[in-house]
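To start, the structure itself, in structure tokens.
The values are calculated or read from the model by the stated rules, or taken from the named source; none is laboratory data. The structure displayed is predicted, hence computed values, not measured ones. Glycine gets a Cβ as well: all are built from the backbone with ideal geometry, and neighbour counts include every protein chain shown.
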Amino acid sequence: MKFFSYKSAGGTKLGIVQNEMLYDLSMLDPRLPDNMESFLNEWENNLDLVRQATATIGTQSKKALLNLPIIDAPIPKPGSLRDGYAFRQHVASARRNRGADMIAEFDQYPVFYFGNPRTVFGPGPVYCMPDHLEKLDFELEVGIAISKKGRNIPAQNADNYIAGLMVMNDFSARKLQMDEMLLSLGPAKGKDFATTTGPWLVTPDELTAFEVPAKAGHTGKAWNLNMTAHINGKELSRGNLSDMDWTFAELIERASYGVDLYPGDIIGSGTVGTGCLLELNGTAKRLDASYTEQWLESGDRITLQIDQLGELSNTIVREPGTYSLLALKKGNSV
């Protein structure tokens, strides 16, 4: 199943893709919730109702058809947002580009950072303050949504907690991020302004044909799904979800240690190899010192596409005003 959220006059509502048509879910069956948050809170029961409702789609369902809805993030109000660091290729390349050896701890345990669940958006504009546009970057990722409450979840059972997969773009203001992390804390303002997801939340049963073994020594499902990123129509990144070293199951195990996970919590994969400008610029400059770095600018359109999960496009929009954190110094006021 492919679920989506869309904007309406009454707020954000829930829909489903069926036979390449978009339907309002609660109009197919009034027993179904009209928002993703409520749907996830009774995930298994609601899936049974959806199966019944979609089995009988016909001419009587025309009233539920949607005409060019404005797509929102599949989960507009996640309870939490964690982003992992699961692709060894990306980590190794980024470290090599700055003259650092690969960190041994990468292979010992998966890690993640907390993002801002209140700045999760869907396709469309991404509004950036001037400082965000100082080395603004995208990150080509996959996100998962948690389907049920769990705590201390072992990796061998953790795939049962995945409601679905979705395209995810972890926008990063690299200048802010680099400055903050000199203090061994962050990424904070370098990351908290925008993460986009969508257009669909695709349930794991839709991806069975694309399952492949996890890498040696790892536990959980992996999927053979091609991943690409384009800026203004030009391809910059290409990878595959099966390149993940740490699986989502292992990320769930780590995240749930001594902590409750809840329906609607989001966990990102981290950046696929070649999946951001920081890595691409670093590699290019290591090979050619005269290379001119590329970063996202106001007006740019960044499009992430992942097999079976769809296409997520965002346009960078500069917010008006001149307020700059980077220009402030100790003792100065805004």
For the list (1) out of contact with any Asp or Glu (no Cβ under 9 Å at 6 or more places or on another chain); (2) over 19 Å from Ser147 (Cβ atoms); (3) of a type in the set (Lys, Arg), I need the number of the one condition that Lys13 fails. (1)
Show me the strands (runs of 3 or more DSSP E) found entirely inside the stretch 226-334 where at least 1 residues are of a type in the set (S, T, N, Q), assigned by TED's automatic domain parsing to the domain that holds Ile153 and farther than 13 Å from Asn169 by Cα. 226-231, 234-240
When you look at Ala222, is it over 17 Å from the mean Cα position of the chain (by Cα), surrounded by 20 or more Cβ atoms within 10 Å (Cβ to Cβ), within 23 Å of Ala155 (Cβ to Cβ) and among the aliphatic types (A, V, I, L, M), yes or no? no
Among all residue pairs at least 6 apart or on different chains, which show Cβ distances below 9 Å where the first residue, located in the stretch 195-214, is in contact (Cβ under 8 Å) with a residue 40 or more places away in the chain and the second is basic (Lys, Arg)? Pro199/Lys2; Trp200/Lys2; Leu201/Lys2; Val202/Lys2; Thr203/Lys2; Pro204/Lys221; Glu206/Lys2; Leu207/Lys221
I'm trying to understand the selection: among the residues of the stretch 162-208, which are farther than 21 Å from Met36 by Cα, of a type in the set (A, V, I, L, M, F, W, C) and part of a loop (DSSP other than H, G, I, E, B)? Phe171, Leu182, Leu183, Leu185, Phe193
Would you say Leu201 is farther than 21 Å from Arg301 by Cα, at pLDDT below 95 and assigned by TED's automatic domain parsing to the domain that holds Glu311? no
Evaluate the following for Leu47: is it assigned to a loop (DSSP other than H, G, I, E, B), out of contact with any helix residue (DSSP H, G or I) (no Cβ under 8 Å at 6 or more places or on another chain) and surrounded by fewer than 19 Cβ atoms within 10 Å (Cβ to Cβ)? no
